[in-house]
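Following: one structure in structure tokens, then a few remarks.
The values are calculated or read from the model by the stated rules, or taken from the named source; none is laboratory data. Just so it is clear, the model here is predicted, and its values are computed rather than measured. Positions of Cβ are backbone-derived with ideal geometry, glycine not excepted, and every protein chain shown enters the neighbour counts. Each accessible area value is taken on the protein alone, full model and side chains, heavy atoms only, with ligands, DNA and RNA left out. Shrake-Rupley method; radii C 1.70, N 1.55, O 1.52, S 1.80 Å.
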Amino acid sequence: MEQRHLGRTGLRVSRIGLGTLTWGRDTDEHDAADQLKAFWDAGGTLVDTADVYADGEAEYLLGRLLDKLVPRRDLVISTKAGSVADPCRRFDGSRGHLLAALDASLRRLGTDYVDLWQIHAFDPVTPLEETLQALDLAVSSGRVRYAGVSDFSGWQLAKAATWQLAAPGVRTRLACTQMEYSLLQRGVEREVLPAALDLGVGLLPSSPLGRGVLTGKYRTGTPSDSRGASEHLAPFVEPYLDGAARRIVDAVATAADGLSTTPLQVALAWVRDRPGVVAPVVGARNARQLTEALSVEALSLPDEICQALDDVSAPVHRYPDQDWSTL
């Protein structure tokens, strides 16, 4: 699998990442092992998790598989901290919470460092410089190799990345930001992606298959074994089952027919090769689904197909995102 630099850093990762959102909850150890082995065999290196996935079980499961199944040195392990199970405070970006969460993640993963550590979300009640200092302390202590953020808006990302760049050699530059990005969700193109490109921050798209909808599996209904039929994931899928989404999915299916491939591969190839994208993070229910996603490595979409998909999925961006003089 092709390797790409993570932002403006020396770290290289596979251009498809393996997501573990469902590990320890919907994905058991046997299926997780099959996925990790298939991913490694295909040349994949970037494995993405978080301390809140399955209340820590995803990290714990990944830790049990490291070395026993795949050499730790062959993987780029990424985890996150900052989301909390508190109805009064969804995010905690305080230095104390973040560093304690990192220590807990390392224990669950059974490793003394992670290659990439990301702040899971912006905490509006903690000073940003305090949150970012946790990244600096984690890197200087050797527990973290590279740092990033997740689900920061455009101004939040620009402020954080600029703060870190203001003291080179002292503060850790942001390597990446992780955001939802797909043909069904192109909101990052408004401000986040331009900021990331300007500041040398790589983009790791989450839900690159539109929460599974871009595979085409929902075109004739909701399969009983799909996320859309799951009690806890149905609300996650439902926003992408409207008429606008159906038109985009139909266009993806038409492109797939013309290229003798699958809608999954078309949708994944589109987002993988967008400017600024480093590695879409793909979550699969089993190794068979993951293998289909990994087979996209051989696919490059023709320019005319990309343009057609761009047109049918184009978000409405007007003032002030376009040149005001043309409006």
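Structure data summary
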item	result
Lone qualifier among Ala38, Ala32, Ala101 - being in contact (Cβ under 8 Å) with a residue 60 or more places away in the chain, part of a helix (DSSP H, G or I) and aliphatic (A, V, I, L, M)	Ala38
The stretch 273-293, residues that are buried (at least 23 other Cβ atoms within 10 Å of the Cβ), closer than 18 Å to Glu2 by Cβ and not β-branched (Val, Ile, Thr)	Ala279, Pro280, Leu290, Ala293
Residues of the stretch 294-312 satisfying the condition of being open to solvent by 60 Å² or more (accessible area, probe 1.4 Å) and in a helix (DSSP H, G or I)	Ala298, Asp303, Glu304, Gln307, Asp311, Val312
Count of the stretch 158-197 residues which are among the charged types (D, E, K, R) and without any contact (Cβ under 8 Å) to a residue 40 or more places away in the chain	3
Checking Lys37 against (1) more than 23 Å from Val139 (Cβ to Cβ); (2) in contact with a strand residue (DSSP E or B) (Cβ under 6 Å, 6 or more places away or on another chain), the condition it does not meet	(2)
Qualifying residue in the stretch 8-24 (condition: open to solvent by 10 Å² or more (accessible area, probe 1.4 Å), touching a strand residue (DSSP E or B) at 6+ places or on another chain (Cβ under 8 Å), aliphatic (A, V, I, L, M) and in a loop (DSSP other than H, G, I, E, B))	yes
Output for the stretch 37-49, where each listed residue is more than 20 Å from Gln178 (Cβ to Cβ) and not charged (D, E, K, R)	Ala38, Trp40, Ala42, Gly43
Qualifying residues in the stretch 153-195 (those that are in contact with a Leu (Cβ under 9 Å, 6 or more places away or on another chain) and of a type in the set (Phe, Trp, Tyr)) - the one surrounded by the most Cβ atoms within 10 Å (Cβ to Cβ)	Tyr181
